Amino acid sequence: MRRDQHLKFNQDAPDLTLLNTASEPVRLSILWADKPLLLAFTRHFGCTQCKEMLSELVTSKNKLDEAGLDIAVIMHANPTEAAAFAETFAPGLLTLADPDRKAYLAYRVERGNIWQTVLNWKVFRAVKEAKKNGFMLEPPPAGQDAMQMSAIFIINTRGKIVLPFYYDNIADHPSLDVLLSGVLTTDWDKPFEGPIGPGVKSSHLKLEK
């Protein structure tokens, strides 16, 4: 998918209903109604980078709460499969099942190419480092796509995308430390009338209500 087809800053976030790990319907707009939402899309369950990303989200959950964000994770698996994987790698995080990848399509989280998923020195290096941390590369379970990419979005309480992050390669997940010290310190429920994050000296962006 070309970059010009990705969802952009200040676009409306697609609103769908998915099932949680208890097979109960959850509408995405309910999740961002009261607090801005960090919405993360995972790859297949054998992906080392996804396991690391989820581990970082679990570890940083309190910091994200303090920054005023809720978290939801979308997995392309059925509720039972998602529940089993989340129990190990995403305990305490709201996990939503999307076996048909309708949310992936709506948010334009595309399938990657061979250079984004396999034949990339950054991916080789990331897999090697992940192994040191106990995250092993495994083949995708049946029904999951090894070429599926990841993405992270921050959506404000008006349903606007204020941060669309599409991965250039599967090792490209953003550092939450950087987000927490910069982007996530911005009050997403107010117009942009000042710098994004503390001490940032950039041109002001204003988002009309």
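The values are calculated or read from the model by the stated rules, or taken from the named source; none is laboratory data. Given the structure is predicted, the values throughout are model-derived calculations rather than measurements. Positions of Cβ are backbone-derived with ideal geometry, glycine not excepted, and every protein chain shown enters the neighbour counts.
Computed values, structure above
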read-out	value
Restricting the stretch 144-187 to residues that are modelled with pLDDT under 90 and in contact with an Asp or Glu (Cβ under 8 Å, 6 or more places away or on another chain), the residue that is nearest to residue 85 (Cα to Cα)	173
Counted residues, the stretch 126-153 - those being out of contact with any strand residue (DSSP E or B) (no Cβ under 6 Å at 6 or more places or on another chain) and part of a loop (DSSP other than H, G, I, E, B)	15
Which listed residue is on the phi < 0 side of the Ramachandran plot and not in a helix (DSSP H, G or I), from 57, 39, 64, 105	39
In the stretch 108-125, the residues that are touching a residue at least 40 places away in the same chain (Cβ under 8 Å) and in a loop (DSSP other than H, G, I, E, B)	108, 109, 110, 112, 120
Hits in the stretch 83-113 - residues which are touching a Ser or Thr at 6+ places or on another chain (Cβ under 9 Å) and closer than 15 Å to residue 150 by Cβ	85, 89, 90, 95, 96, 109, 111
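Conditions (1) at pLDDT below 90; (2) small (Gly, Ala, Ser), marked per residue:
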residue	(1), (2)
61	no, no
70	no, no
73	no, no
83	no, yes
100	no, no
118	yes, no
